[in-house]
Amino acid sequence: MNNINIGSKIREFRLSKKFSLKALAEAAGVSSSLLSQIEKGSANPSINTIKHIADVLDTPLFLFFKNEAPMDSFIVRKEERRSMSFFKGEGTSYELLTPDLSGDIEFMILSLQPGTESSDKRREHKGEEVAYILEGSVKLYLEGEKFTLLQGDSAKINPAMKHKWKNEGEEDAKIIFAINPPCF
């Protein structure tokens, strides 16, 4: 089994978020010396400590436990795409275009058969979303507005804006979208 170096990952995230060691330690409720030892791999933090650090860094906890992927795992073949389910509606499917959800961006295709929608109600998420209508036409219900988007159109949806997609047409529709940071 491969060892996971949580300390080096904490340091990497801390530096990428421009935190000093002291500032992160104070915000997470640990001493600077403990945080330094954790980053060097000479101390083993509790899960609770890692959770506090992850919360301050606004980073999902699982990323601290993820091993680095081999180079061939950066490629996603069409037949190897993972389907994801967020809504139990028939005729709605999501396919993940990125190898997983561990990076800074989530890239997916949403397929909607005629008369189907992405969700039973308008939903919001933390990430900024950019969508491109690959095939067909869809309605975008965004906050209190309704927009018709045709093949080739795109939309940007700011974080926390309640929205859903609906195919009110007679042909299948496909929406390709990216969300930063990943939220599903």
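Each other residue within a Cβ distance under 14 Å of residue 144 adds +1 if Lys or Arg and -1 if Asp or Glu, for a net charge of +3. Under 13 Å of direct C-alpha separation, and excluding same-chain neighbours fewer than eight residues apart, residue 18 reaches these aspartates and glutamates: 58. With K and R counted +1 and D and E -1, the other residues having a Cβ less than 10 Å from that of residue 159 yield a net charge of -2. If R0 equals 41 Å, the separation of the Cβ atoms of residue 46 and residue 74 corresponds to a calculated FRET efficiency of about 0.80. The Cα-based radius of gyration of the chain, divided by its Kirkwood radius, gives an Rg/Rh of 1.08. Counting charges near residue 127 (Lys, Arg +1; Asp, Glu -1) among other residues having Cβ under 13 Å from its Cβ returns a value of -3. Secondary-structure-derived ellipticity at 222 nm for the chain, considering helices only, amounts to -6000 deg cm²/dmol, per-run term -39500 (n - 2.57) for DSSP H runs with n ≥ 4.
Our estimate of slack between residue 63 and residue 146, defined as 0.36 nm per intervening residue step minus the Cα-Cα distance, is 26.2 nm. Sorting 14-20, 163-169 by average packing, meaning the other beta carbons within 10 Å per residue, from highest down gives 163-169, 14-20.
Throughout, read-outs are computed from the coordinates displayed, never taken from laboratory work. For clarity, every value in this text was computed on a predicted model and none was experimentally measured. Methodologically, a virtual Cβ is constructed for each residue, glycine included, from the backbone with ideal geometry; neighbour enumeration extends over all protein chains shown.
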